[in-house]
Amino acid sequence: MTQGIFRQNRLVIVLAIVILTIMSAVAYLQSEQDKGDGHPSSYSNLPKGGKAAYLLLQQSGYPVERWDRLPQNLPTDAQGILLIVASPESYPRSEESDAFARFLLHGGTILAAGMLPDAFVTQADATTGELRVGGIECKPAAPTRLTRGGSISMDGVFKWASDDTTPLVHFVDNHGNAVVVSYPAGKGSVVWWASAWPLENAGIREKNNLELLLNSASGYKRVLWDEYYHNEHTAAAGHKPVVAYKWALGQLALMAIALVLTFSRRSGPLVPRLQPSRLAPLEFVETLGNLFRRAHSTHVAIEIAFQRFRQIAVRRLGIRGTSNASEIVEAMSQRGFPLPESTAALVRASEAAANDSTLTEKSALQYVRALNFAARAMEPANTNPAEKTAPSP
């Protein structure tokens with residue numbers, strides 16, 4: 001009897017399982033999308049997370065631990081203690097800023113990275129400058145403990161703005177702006193990085209960034225990695241159940257639709273099963289290519305390559321989405337991604353070629369190669385694309 005009931009309703013059961021699986025997958029993907037690139041939390045393995053740096057310090061024998069409590073709870077005997085505050089998601093209130101000041105007064109050290117530090121530490125004066133796209137090489141300004149590893153890579157827009165000669169400048173970017181400084185504060189000291197890139201998962205592997213982190217964290221009896229300002233401690237409680245209710249209602253609605261469709265199919269018309277195509281994938285590609293050839297649509301390939309090139313340029317260079325080819329080439333040159341003249345000429349002419357239906361396949365191939373080369377030149381690893389091999393005409 002039970003087996004008969006199961007056979008009659010097995011389609012409903014299978015559909016319910018499939019729907020629940022799909023909804024769980026959508027919820028997971030949505031949560032990952034909400035995270036974006038993440039932030040320098042020691043729990044995050046996203047590109048901008050700090051889990052790799054935290055585990056590396058821990059496994060290398062550094063006395064590192066997470067700090068997720070109020071600044072008022074920082075040790076009163078702060079001598080020999082380093083607090084790492086990297087790209088916080090919120091800024092402290094006045095009483096919390098006072099707690100940081102007491103921590104410095106009692107001999108503690110604060111490493112503030114990737115932020116305007118005024119609310120966290122005293123005597124700080126930083127501002128925004130020109131964007132460092134994709135990580136720019138920053139050279140040592142003086143032989144110090146932090147510069148022993150050599151040049152580092154740094155992104156972001158912040159720079160040190162103070163004219164006071166008290167702070168010691170360790171690194172400067174290609175415009176001469178100070179990006180790593182340190183200075184005494186009370187009985188302690190402050191170390192400021194213009195960006196948290198050297199300790200992020202995606203940036204710690206760049207040139208000498210690991211050495212900067214290790215040099216900055218060495219010599220302390222305790223290293224506290226702040227997690228308090230990476231938590232939503234100021235958000236009102238109770239907003240997450242609302243999202244859960246919405247997902248539950250959505251699941252119930254989809255299950256109701258599935259039940260209606262399942263039982264209605266029992267009395268519906270029979271439809272013959274679709275026969276799969278016998279064409280192999282390569283035959284499909286050849287068929288599609290012959291179709292474009294007969295239609296004289298070689299310029300479509302140029303249009304597709306140009307649209308992809310412009311999307312990458314908008315994302316990497318921060319320009320308008322309606323910029324033409326000449327403006328993009330000029331912006332690439334200004335941002336440190338110059339192209340060989342022959343390639344730049346092809347890229348400038350590609351926008352017009354995308355509308356030329358009389359273009360030959362050989363000419364179209366040259367334009368596509370030039371656009372693909374220019375798109376690859378804007379990748380972060382290609383700091384000097386002019387040295388790369390340009391496509392042959």
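The values are calculated or read from the model by the stated rules, or taken from the named source; none is laboratory data. In this text the structure is predicted, and so the values were computed from the model without any measurement. Virtual Cβ from ideal backbone geometry, glycine too; neighbours counted across all protein chains shown. Heavy atoms of the whole protein, side chains included, go into the accessibility calculation; ligands, DNA and RNA do not. Shrake-Rupley method; radii C 1.70, N 1.55, O 1.52, S 1.80 Å.
Report the Cα-based extents of the stretch 107-229 along its three principal axes, largest first, to the nearest Å.
The Cα atoms of the stretch 107-229 stretch 35, 31, 30 Å along the principal axes, largest first.
Please say if the stretch 168-218 is rounded, prolate or oblate, where rounded means a/c under 1.5 for a ≥ b ≥ c the square roots of the C-alpha gyration tensor eigenvalues, and otherwise the choice is prolate for a/b larger than b/c and oblate otherwise?
In terms of gyration-tensor shape, oblate.
With every protein chain kept in place and ligands, DNA and RNA left out, what is the accessible area per residue of the stretch 62-120? Probe 1.4 Å, answer in Å².
For the stretch 62-120, the solvent-accessible area averages 40 Å² per residue.
What ranking do 171-179, 360-368, 222-230 get when scored by the average of other Cβ atoms within 10 Å per residue, highest first?
222-230, 171-179, 360-368
Highest first, please rank the peptides 133-144, 74-85 by the mean number of other Cβ atoms sitting within 10 Å of their residues.
Output ranking for 133-144, 74-85: 74-85, 133-144.
Note the full-extension length gain between Gln79 and Ser323 as 0.36 nm times their separation in residues minus their Cα-Cα distance, in nm to one decimal. Kindly include the intermediate steps, with their values, before the conclusion.
Working: separation 244, 0.36 × 244 = 87.84 nm, distance 5.49 nm.
Extending this stretch completely gives an extra 82.4 nm.
Using the Kirkwood radius over Cα pairs, work out the Stokes-Einstein diffusion coefficient for the stretch 290-381 at 10 °C and 1.306 mPa s, in µm²/s as a whole number. Display every interim value, and only then the final one.
Details: Rh = 13.2 Å.
In µm²/s, the coefficient rounds to 120.
Full-extension gain between Ser333 and Lys187, please, as 0.36 nm times their residue separation minus the C-alpha to C-alpha distance.
Result for the pair: 47.8 nm of gain on full extension.
Which links in Lys139/Lys187; Lys48/Lys187; Lys159/Lys207; Lys187/Lys221; Lys187/Lys207 stretch past 26 Å when you go from one Cα to the other?
Too far apart for the 26 Å limit: Lys139/Lys187; Lys48/Lys187; Lys187/Lys207.
Rounded to a whole number, what % of the accessible area of the stretch 57-143 do carbon and sulfur atoms account for, probe 1.4 Å?
Carbon plus sulfur share of accessible area: 47 percent.
Using the beta-carbon distance between Ser297 and Ala253 and R0 = 45 Å, what value does 1/(1 + (r/R0)^6) give for FRET efficiency, to the nearest 0.05?
0.55
Scan around Phe171 for amide H atoms under 5 Å from its own, H built in the peptide plane at 1.01 Å from N, and keep only partners 5 or more places away or cross-chain.
Ala141, Val179, Val180
Just to confirm my numbers, what's the Cα centroid distance between the stretch 108-143 and the stretch 175-190 in Å?
The distance from the Cα centre of the stretch 108-143 to that of the stretch 175-190 comes to 8 Å.
Mind listing the long-range amide H neighbours of Leu111? Cut-off is under 5 Å, sequence gap 5 or more, other chains count too, H placed in the peptide plane at 1.01 Å from N.
Close amide H contacts, sequence-distant or interchain: Leu83, Ile84, Val85, Val191.
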